[in-house]
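Trainee: Here it is, the structure, as structure tokens.
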Amino acid sequence: MAETEFEPKIVGFLCNWCSYAGADLAGVSRFQYPPNIRIIRVMCSGRIDPYIVLEAFTQGVDGVFIGGCHPGDCHYLEGNYQAERKIKMTRQLVKKAGLEPERLRMEWVAASEGERFAILMREFPKQIQELGPSPLSGEKPDEKLMANINAAKLAALDFRLRAIVSKERKIVEQGNVYNETKSQEEWDEFMEDAIEAEFERKRLLGLITEKPMSVKELASEIDLPTDRILDHVVFLRKRNQLALDSIEGFTPKYISIVPEVKA
Amino acid sequence: MKAFEPKIVGFLCNWCSYAGADLAGVSRFQYPPNIRIVRVMCSGRVDPLFVIEMFIQGADGVLIGGCHPGDCHYMEGNYHTERRVKMLKKVLAKSGLEPERLSLEWIAASEGERFAKTMRDFTEQVRSLGPNPVAGEKPNLLIMESLYAARNAVEDFRLRTLVGKELALVEKENVYDEKIPQERIDELMENAIDEELVRTRILLLAKDKPQSVKGLADKMKVPSRDILKHIVTLRDRNLIRLEGIEGTTPMYLAQTQEVEA
Amino acid sequence: MTDSVGAVMVVGGGIAGMQSSLDLADSGYRVYLVDKSPSIGGAMAQLDKTFPTNDCAMCIMAPKLVETGRHRNIDLITNSTIDKIEGKAGNFKVTVSKKSRFIDESKCTGCGICTQKCPVEVVDEYNKGLKVRKAIFVKYPQAVPLIFSIDKDYCIGCGNCERLCKAGAIVYSQEPETKVLEVGSIILSPGFDEFDLVQKRKEYGYGRFPNVVSSLELERMLSATGPFGGLVLRPSDGEVVKKIAFVQCVGSRDRSIGNPYCSSVCCMFAIKEAVIAQEHNPGLEATIFFMDMRAFGKEFDDYYVRAEKEHGIRFVKNNRISSIAEDPITNNLLVTFIDKGNLVSEVFDMVALAVGMTAPKDAKDLSEKLGVQLNPYDFCSTDILFSPLETSKPGIFVGGAFGAPKDIPDSVSEASGAAAKASSVIASERGKLVTVKEYPPEKEVSGEEPRIGVFICHCGINIGGVVDVPGVVEYAKTLPNVAYAENNLYTCSQDTQKKIREKIEENNLNRVIVASCTPRTHQPLFQNTCAEAGLNPYLFEMANIRDQCSWVHMHEPAKATQKAKDLVRMVVAKAGLLEPLTRVPIEVKPSGLVIGGGLSGITAAQELSKQGFEAFIVERENELGGLMKRVHYEMVGEKKDVQKKLKELIKNVNSDKKIHVFTNSTVKDISGYIGNFKTTIDQNGEEKEIEHGIVIVATGGMEHKPKEYLYGENDNVMTQLEFEGKLAKKKMDADTVVMIQCVGCRNDERPYCSRVCCTEAVKNALKVKEMNPATSVYVLFKDIRTYGFSEVFYEEAAKNGVKFIRYDDETKPKVADKKGLEVKIWEPFLGEEITIKPDVLVLSAATIPHPDNADLAQMLKVPLSKHKFFLEAHMKLRPVEFATEGIFLCGLAHSPKFFEECVSQASAAVSRAATILSKKTLEAEGMVSSIDEDICSGCGTCVVICPFNAIEKDENGIARVTEVLCKGCGTCAASCPEKAASIKQFTDEQLIAQVVAAVKEVN
């Protein structure tokens, strides 16, 4: 690779028992791959919190790679299934925020798949190279995108998304408290709506942390219809996260009353 | 067309055979002017690589002259040479070149006349073999390619270790204070030459363009089964990789960084 | 016994030997694990995947390998065989001789530099000859111990390796050693060998036709670490295989070559290989030629059905193929077989022969040296029904495939069972020979500024040859909180451990980082070093700059160095945030509750008692014995009076002071957790409370009451157990008996196999013939599944004139009562329907789970399988325990099985339980989840997702972690909606610190 070529920065979260072991085996077998990845070991892919992944993007990484055990192989029985659903949600959030979802990749890598790990490590940086540097990296990260990713991060920290994504597997596969199961399609649709709404709400709150804004102003800033914004405003007021700040003329202005979330 | 005049390169050791050549001159013994002599301090200095390189460059014959057994100025350089030449002859034969194009002769400082005779005989021998098939306008590509492979093979640690240690292992003792029978070494060497030549040829053929097992087998006239085994080994050493599958045929490409290294 | 020895020798380090060793070492005994090979792991280490879960074999096995390798109370004695034995049970003296490795085991770090310049290539037996290895080698990359050996048969002694080895581990003058070891008991688990295809089955062309391969060769091809990186290629020309035939029973069920028994595993093995091969070679067509599909294990039939319906694997039944021929030009194979009565031929790209299991080659030698008897096929002889784990010599036990061909879960159960048996011989000596490590008192470091020491390893030239190690050291010194940094030739060597301890002292370090290889294998070593220096072991971190850096970026030294610096910076960032963690001790009540008083429950209670623990049996009936009360004789072994033996057993249990029997009782409530359970028992309406440390679920199963074939309508229609009762009372005078197999199972309602009925039918058929040879007996079956040595009795029954007629779902027998029973069945050989008029119709009724399982499962918070048996923690490697610690299962509660298998499993459950009960206190792992009570809203998300039941809601509705149950996966932390849950050692702050450090530019 030439000096000037873009060298993607990739952070990898690998589970101790399968994919980290697979990465070790790539080493033992001397399968070569480009040195873009910085691996962080976790005990289980289920440990990977969506908001930590989003945090990595705010830090300017160009790609995040997540490795877990193949279905059925999880050392902790089902952590990888949890991870699968969480990462799916995270990709949706990344996409909503306006960053390419391809920058987040999850793969099952077994302890015996050293060669496969190396192949993935050749492929993924190439894929990222084609996408170019993350707009959040470098000296001047894209401000709007940063605001979006931060909103996505807050959405991932929010009670609602966390609660539902964690229960997805149980509800789709075993049934809810009423012993009803939802089909995967029904669930996906429900999830999609929830992600969209939570993301928009966090985005909205992000805009009014310091200065109050009207529904109209918010609508033009976030690029959403005013009635949608109004729905969110009503909802957030009920949740006690937003308050009426003032009324200018006939235009109410709202301000966030959520304490600054430490993340 | 002019009559064929063989080009012969001679590597002569400083203390015996080079002195013998000088004596031939002092004594005015006549011999044909086909040889170009390269002086080395000991015949043991002649790396197998030089010999293969000479043939690739178009030499029709290579002559190595050393001291008679027991006479080596450096104790046992000539014994090593002897074993290397044995290996080289096998490598040449397997590459499709007549092993008679390479000759090792013991010539003492006092043997001026013998030197001249050796030159006459070897020149005739090479003349009768005809021109080096890889020299000239239309080189035999199969042999050329085999020689390239041979050049890589004789550079590989495996052949070098075997040939380098042969004398010690057979004549003296190995690390377990045991002697290894000559037959065992011969067998190992034979296999090693076969295998390394095939492997280096595979790597050369698959350097720029992906190759299939069958394709390689056809080009190299080696059974597919053996080619597959070598590919397994080369893959294990990260020298070749699966590039893709065309229909039911896996295609392999040499990993360039390693080949160049 | 005062002269007993608290040590056990385990012979053979495959999955069975490892399991026995771990159980014993964890319950207070010293273990000598002897293996003839240079590394342990056995046959399982060669497998790609395992059925019926398609688990990656290495993924699930590696943790056990590592644990066995580094267990303080297990001495690995590799490259060694038994020479002779003296003494008796309780006190044996065993002479072991160890071949030279020509490597100093204490110095070799397993780095592998030596092998790179070894000029000798050798056929690699681990890869079934499909690859080459060097004369200096290690069997496989994950081998334990990871110590190289020189294969002297091939080594020419050139000396290259000695010059390359920076650790100075090569010792060409190493002599073989002989050791005399004192042990109290011995477990034999030498495994099996493969049937010799080349010598004994020439007609299938193995060895002559390149594309005829053995099932184990195919397994290596399927493996990602195998010769073709997981693709199935034709050895003749390297083409991708598109059409493969599996030929079953090669070297099994074949008296002509001396192996009349069934190898038990090959049917499932073939299905698995077909499914996986299809996954690896998309579009592959697979055909399996077999006689009977022996999918008798837990959920095996589901796998079989899925393979046929979902994967389109073609099954050609009732077929021992006629011949295999080769087209010499294409190397394609022409398989000739019988199809609907006609001989037909079909072309395949490849044929895989299901190679049978034979006794290990050294079985005879072992038997002579140890004085244990073998059966006619050289497998270890045991008294099958009541003591399947005991050899003919007291104090010597058997586990795994050496007893009979068997699969991994059965081997693991037996291995644990054998460990229980071996332990009961020397229970008085528990804890006497184990090493207890004493550590200095821990330094108080909380509140101190982090002072980090960084030790960076050259690993010979493995790291140093690529990464600029001194440069990384200099860089590390510039990082915040780093108080000391240095480099080492081998950070893992003994002298470096001493140095690390000194440096901790000198520089007052309170955090330690080693940048070297992988924490998966080396972290425990360095953590131990920290503890020896008085530092809490959780104040340690590793950076993997070898396996994941220098080895994979060998041609980019500058970038690799940069990466190594980044990796060090990342762990330095994390290390600053590390906290000392404590392991919370909890007290253990040395007693167990056994739910169910059948053979499994009785055995479990008795084994607990023999181990010195108290046992409580809860049985709903008014007496012990369960289903076994209905069994009267055994088919194999000494044909003892089963009921007499059972009565003795029950009498012993009732008079055992350590066993408390509660008949007419049920479990009303169980609370608590591992070590400390409280149970309310309802005995005839009276409630009793007991406290115990563990629970063993042995609720058994029941015989299904058939709903078809006139059962309950005609008195001459009865189940197999009812029939056996009649036979025992000699009340049987029938001219014709018909038996119908698979009644109530292998159907839509119960798609599983009840495992025992084929053998039961054969047993009863033989009994009928024994009582009156003139009686006609017909057995109508789908597949005869007399696996293992039962096959021999199937053969005998056929020889004695028992007629076996195959039916399938479309040709089920029709039974009518026309002034007498009438059975109509399609006879495939005659090609017509025949009518039989039996005097007695015997139905082989399904074994069904106990209906109370569901309630009990809820009470214990453990799962049931889809067929309502209990579901164990892991189908392959943890067959007798639940994911929830301290709760075990055995017998029919797990799945249908033979009584001897119940005995093995019950003993196994006790062995696993003893690893807990033998300790006065248990220590929870420090790396556990914790919940901030102030934040928790009690939503219960964590309770639902924790697969180990480690989180519960307390009386205030707040989630609470039971630390001993927590395995530290951290999924709760990633899921908690309020972010009240966190996981120690992998906290959000620590992970984010690593992420931030990964991105930050370095100069």
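The values are calculated or read from the model by the stated rules, or taken from the named source; none is laboratory data. Everything numeric here is computed off the predicted structure, so don't read it as measured data. All Cβ positions, even for glycine, are placed from backbone atoms using ideal geometry, and neighbour counts span all protein chains on display.
Trainee: Go through (1) under 29 Å from A:Thr58 (Cα atoms); (2) basic (Lys, Arg); (3) away from chain A (no Cβ under 14 Å) for C:Lys1000 and report which single condition fails.
Mentor: Of (1) under 29 Å from A:Thr58 (Cα atoms); (2) basic (Lys, Arg); (3) away from chain A (no Cβ under 14 Å), only one is false for C:Lys1000: (3).
Trainee: Could I ask something else about it? Among C:Arg630, C:Arg520, C:Arg583, which is more than 28 Å from C:Lys498 (Cβ to Cβ), modelled with pLDDT under 95 and surrounded by fewer than 23 Cβ atoms within 10 Å (Cβ to Cβ)? Even if it seems obvious, please write down each step before you answer.
Mentor: Working: C:Arg520 fails: more than 28 Å from C:Lys498 (Cβ to Cβ); C:Arg583 fails: more than 28 Å from C:Lys498 (Cβ to Cβ).
Residue meeting the stated conditions: C:Arg630.
Trainee: Which residues, taken from region A:25-46, are more than 7 Å from chain C (Cβ to nearest Cβ) and touching a strand residue (DSSP E or B) at 6+ places or on another chain (Cβ under 7 Å)? Break it down stepwise before answering.
Mentor: Keep residues of region A:25-46 that are more than 7 Å from chain C (Cβ to nearest Cβ), which gives A:34, A:36-37, A:45.
If the condition is that a residue be more than 7 Å from chain C (Cβ to nearest Cβ) and touching a strand residue (DSSP E or B) at 6+ places or on another chain (Cβ under 7 Å), then A:Asn36, A:Ile37, A:Ser45 are the ones that fit.
Trainee: Just checking, which of C:Leu624, C:Leu608 is of a type in the set (A, V, I, L, M), at pLDDT 95 or above and out of contact with any strand residue (DSSP E or B) (no Cβ under 6 Å at 6 or more places or on another chain)? It would help to see each step written out before you state the result.
Mentor: Details: C:Leu608 fails: out of contact with any strand residue (DSSP E or B) (no Cβ under 6 Å at 6 or more places or on another chain).
Answer to the check: C:Leu624.
Trainee: Among residues belonging to region A:203-259 that are among the hydroxyl-bearing types (Ser, Thr, Tyr) and under 26 Å from the mean Cα position of the chain (by Cα), point out the one that is surrounded by the fewest Cβ atoms within 10 Å (Cβ to Cβ). Before the answer, list the steps.
Mentor: Residues of region A:203-259 among the hydroxyl-bearing types (Ser, Thr, Tyr): A:209, A:214, A:220, A:226, A:246, A:251, A:254, A:256.
Checking which are under 26 Å from the mean Cα position of the chain (by Cα) leaves us with A:209, A:220, A:256.
Numbers: A:Thr209: 11, A:Ser220: 13, A:Ser256: 20.
Restricting to residues being among the hydroxyl-bearing types (Ser, Thr, Tyr) and under 26 Å from the mean Cα position of the chain (by Cα), the top hit is A:Thr209.
Trainee: Which of the residues belonging to region C:227-239 are crowded, with 21+ Cβ neighbours inside 10 Å, within 9 Å of another protein chain (Cβ to nearest Cβ) and under 31 Å from the mean Cα position of the chain (by Cα)?
Mentor: Answer for region C:227-239, where residues must be crowded, with 21+ Cβ neighbours inside 10 Å, within 9 Å of another protein chain (Cβ to nearest Cβ) and under 31 Å from the mean Cα position of the chain (by Cα): C:Pro227, C:Phe228, C:Gly229, C:Gly230, C:Leu233.
Trainee: Then there is this: Residues of region C:190-226 being at pLDDT 95 or above and within 12 Å of chain B (Cβ to nearest Cβ), which ones?
Mentor: Passing the criteria: C:Phe209, C:Pro210, C:Asn211, C:Arg220, C:Met221.
Trainee: Let me ask you something else. Quick one: in region C:319-345, which of the residues that are among the charged types (D, E, K, R) and surrounded by 15 or more Cβ atoms within 10 Å (Cβ to Cβ) is nearest to C:Arg234 (Cα to Cα)? Give the steps one after another, and end with the answer.
Mentor: Narrowing region C:319-345 to residues among the charged types (D, E, K, R): C:320, C:326-327, C:339-340.
After this cut, where a residue has to be surrounded by 15 or more Cβ atoms within 10 Å (Cβ to Cβ) as well, the list is C:320, C:326.
Details: C:Arg320: 24, C:Glu326: 13 Å.
Per the stated criteria, the residue is C:Glu326.
Trainee: Checking A:Val172 against (1) hydrophobic (A, V, I, L, M, F, W, C); (2) surrounded by 15 or more Cβ atoms within 10 Å (Cβ to Cβ); (3) within 11 Å of chain C (Cβ to nearest Cβ), which single condition isn't satisfied?
Mentor: Of (1) hydrophobic (A, V, I, L, M, F, W, C); (2) surrounded by 15 or more Cβ atoms within 10 Å (Cβ to Cβ); (3) within 11 Å of chain C (Cβ to nearest Cβ), only one is false for A:Val172: (3).
Trainee: Among the residues in region C:426-439, are any among the charged types (D, E, K, R) and either crowded, with 24+ Cβ neighbours inside 10 Å or without any contact (Cβ under 8 Å) to a residue 60 or more places away in the chain (or both)?
Mentor: Here is the first cut: in region C:426-439, the residues among the charged types (D, E, K, R) are C:429-430, C:432, C:437-438.
Now narrow it down to the ones that are either crowded, with 24+ Cβ neighbours inside 10 Å or without any contact (Cβ under 8 Å) to a residue 60 or more places away in the chain (or both): C:438.
Looking through region C:426-439, at least one residue is among the charged types (D, E, K, R) and either crowded, with 24+ Cβ neighbours inside 10 Å or without any contact (Cβ under 8 Å) to a residue 60 or more places away in the chain (or both).
Yes/no matrix, rows are residues, columns are (1) of a type in the set (Gly, Ala, Ser); (2) more than 14 Å from chain A (Cβ to nearest Cβ); (3) part of a helix (DSSP H, G or I); (4) in contact (Cβ under 8 Å) with a residue 60 or more places away in the chain:
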| position | (1), (2), (3), (4) |
| --- | --- |
| C:Glu872 | no, no, no, no |
| C:Lys876 | no, no, no, yes |
| C:Ala883 | yes, no, no, yes |
| C:Pro896 | no, yes, no, yes |
| C:Cys902 | no, yes, yes, yes |
| C:Thr915 | no, yes, yes, yes |
| C:Leu922 | no, yes, no, yes |
| C:Gly926 | yes, no, no, yes |
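Trainee: Another question about this same structure. When you check A:Phe65 against the structure, is it more than 8 Å from every other protein chain (Cβ to nearest Cβ) and either touching a residue at least 60 places away in the same chain (Cβ under 8 Å) or in contact with a Cys (Cβ under 6 Å, 6 or more places away or on another chain) (or both), yes or no? Show your work before the answer.
Mentor: Details: more than 8 Å from every other protein chain (Cβ to nearest Cβ): yes; either touching a residue at least 60 places away in the same chain (Cβ under 8 Å) or in contact with a Cys (Cβ under 6 Å, 6 or more places away or on another chain) (or both): no.
Spelling it out, it is not the case that A:Phe65 is more than 8 Å from every other protein chain (Cβ to nearest Cβ) and either touching a residue at least 60 places away in the same chain (Cβ under 8 Å) or in contact with a Cys (Cβ under 6 Å, 6 or more places away or on another chain) (or both).
Trainee: Same structure, new question: Kindly indicate which of A:Leu161, A:Leu154, A:Leu236, A:Leu218 is assigned to a helix (DSSP H, G or I), closer than 27 Å to C:Ala981 by Cα, outside the structural domain of A:Phe57 (by TED's automatic domain parsing) and touching a strand residue (DSSP E or B) at 6+ places or on another chain (Cβ under 9 Å). If you could, list the steps in order and put the result at the bottom.
Mentor: On the way: A:Leu161 fails: touching a strand residue (DSSP E or B) at 6+ places or on another chain (Cβ under 9 Å); A:Leu154 fails: touching a strand residue (DSSP E or B) at 6+ places or on another chain (Cβ under 9 Å); A:Leu218 fails: closer than 27 Å to C:Ala981 by Cα.
Checking each option against the conditions leaves just A:Leu236.
Trainee: Does C:Ala16 satisfy the criteria of being touching a residue at least 60 places away in the same chain (Cβ under 8 Å), in a helix (DSSP H, G or I) and surrounded by 24 or more Cβ atoms within 10 Å (Cβ to Cβ)?
Mentor: On the way: touching a residue at least 60 places away in the same chain (Cβ under 8 Å): yes; in a helix (DSSP H, G or I): yes; surrounded by 24 or more Cβ atoms within 10 Å (Cβ to Cβ): yes.
When the stated conditions are applied, C:Ala16 passes them.
Trainee: Scan region B:65-86 and tell me whether some residue there is without any contact (Cβ under 8 Å) to a residue 60 or more places away in the chain, of a type in the set (S, T, N, Q) and either under 26 Å from B:Gly20 (Cα atoms) or in a loop (DSSP other than H, G, I, E, B) (or both).
Mentor: Yes, because at least one residue in region B:65-86 is without any contact (Cβ under 8 Å) to a residue 60 or more places away in the chain, of a type in the set (S, T, N, Q) and either under 26 Å from B:Gly20 (Cα atoms) or in a loop (DSSP other than H, G, I, E, B) (or both).
Trainee: Now, a different point. Out of region B:32-64, which residues are in a helix (DSSP H, G or I) and hydrophobic (A, V, I, L, M, F, W, C)?
Mentor: Applying the first criterion (in a helix (DSSP H, G or I)) to region B:32-64 yields B:43-45, B:48-56.
Scanning region B:32-64 gives B:Leu49, B:Phe50, B:Val51, B:Ile52, B:Met54, B:Phe55, B:Ile56.
Trainee: Just give me the residues in region C:723-739 being surrounded by fewer than 19 Cβ atoms within 10 Å (Cβ to Cβ), among the charged types (D, E, K, R) and touching a residue at least 24 places away in the same chain (Cβ under 8 Å), in sequence order.
Mentor: C:Lys730, C:Asp733, C:Asp735, listed by residue number.
Trainee: Among the numbered criteria (1) at pLDDT below 95; (2) surrounded by fewer than 22 Cβ atoms within 10 Å (Cβ to Cβ); (3) within 13 Å of chain A (Cβ to nearest Cβ), which one does C:Cys969 miss?
Mentor: In the conditions (1) at pLDDT below 95; (2) surrounded by fewer than 22 Cβ atoms within 10 Å (Cβ to Cβ); (3) within 13 Å of chain A (Cβ to nearest Cβ), C:Cys969 misses (2) alone.
To keep it simple, each residue is scored yes or no on (1) more than 20 Å from the chain's Cα centre (by Cα); (2) within 20 Å of C:Leu130 (Cα to Cα); (3) surrounded by fewer than 17 Cβ atoms within 10 Å (Cβ to Cβ); (4) not basic (Lys, Arg).
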{"residue": "B:Ile180", "(1), (2), (3), (4)": "yes, no, no, yes"}
{"residue": "B:Ile185", "(1), (2), (3), (4)": "no, no, no, yes"}
{"residue": "B:Ala192", "(1), (2), (3), (4)": "no, yes, no, yes"}
{"residue": "B:Arg201", "(1), (2), (3), (4)": "no, no, no, no"}
{"residue": "B:Lys209", "(1), (2), (3), (4)": "yes, no, yes, no"}
{"residue": "B:Asp218", "(1), (2), (3), (4)": "yes, no, yes, yes"}
{"residue": "B:Arg235", "(1), (2), (3), (4)": "yes, yes, no, no"}
{"residue": "B:Leu239", "(1), (2), (3), (4)": "yes, yes, no, yes"}
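Trainee: Additional query: Within region C:240-270, can you find the residues that are buried (at least 24 other Cβ atoms within 10 Å of the Cβ), within 14 Å of chain B (Cβ to nearest Cβ) and in contact with a Ser or Thr (Cβ under 7 Å, 6 or more places away or on another chain)?
Mentor: If the condition is that a residue be buried (at least 24 other Cβ atoms within 10 Å of the Cβ), within 14 Å of chain B (Cβ to nearest Cβ) and in contact with a Ser or Thr (Cβ under 7 Å, 6 or more places away or on another chain), then no residue fits.
Trainee: Okay, moving on. For region B:216-231, check the following and say yes or no: at least one residue is assigned to a helix (DSSP H, G or I), on the phi < 0 side of the Ramachandran plot, away from every other protein chain (no Cβ under 11 Å) and hydrophobic (A, V, I, L, M, F, W, C).
Mentor: Yes.
Every residue, every condition in (1) acidic (Asp, Glu); (2) at positive phi; (3) modelled with pLDDT of 95 or more, yes or no:
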| site | (1), (2), (3) |
| --- | --- |
| B:Val62 | no, no, yes |
| B:Arg83 | no, no, no |
| B:Glu98 | yes, no, yes |
| B:Ser103 | no, no, yes |
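Trainee: Also, quick follow-up: Picking from C:Glu310, C:Glu390, C:Glu368, which residue would you name as being surrounded by 14 or more Cβ atoms within 10 Å (Cβ to Cβ) and of a type in the set (D, E, K, R)? Spell out how you get there, then give the answer.
Mentor: Details: C:Glu310 fails: surrounded by 14 or more Cβ atoms within 10 Å (Cβ to Cβ); C:Glu368 fails: surrounded by 14 or more Cβ atoms within 10 Å (Cβ to Cβ).
Testing whether each residue is surrounded by 14 or more Cβ atoms within 10 Å (Cβ to Cβ) and of a type in the set (D, E, K, R) leaves just C:Glu390.
Trainee: Now for a separate question. When you check A:Asp49 against the structure, is it within 9 Å of another protein chain (Cβ to nearest Cβ) and either closer than 21 Å to A:Glu196 by Cα or among the basic types (Lys, Arg) (or both), yes or no? Give the steps one after another, and end with the answer.
Mentor: On the way: within 9 Å of another protein chain (Cβ to nearest Cβ): yes; either closer than 21 Å to A:Glu196 by Cα or among the basic types (Lys, Arg) (or both): yes.
So A:Asp49 passes the test.
Trainee: Could you please find all residues in region A:138-168 being facing chain C (nearest Cβ under 8 Å) and of a type in the set (Gly, Ala, Ser)?
Mentor: Hits for region A:138-168 are A:Ala163, A:Ser166.
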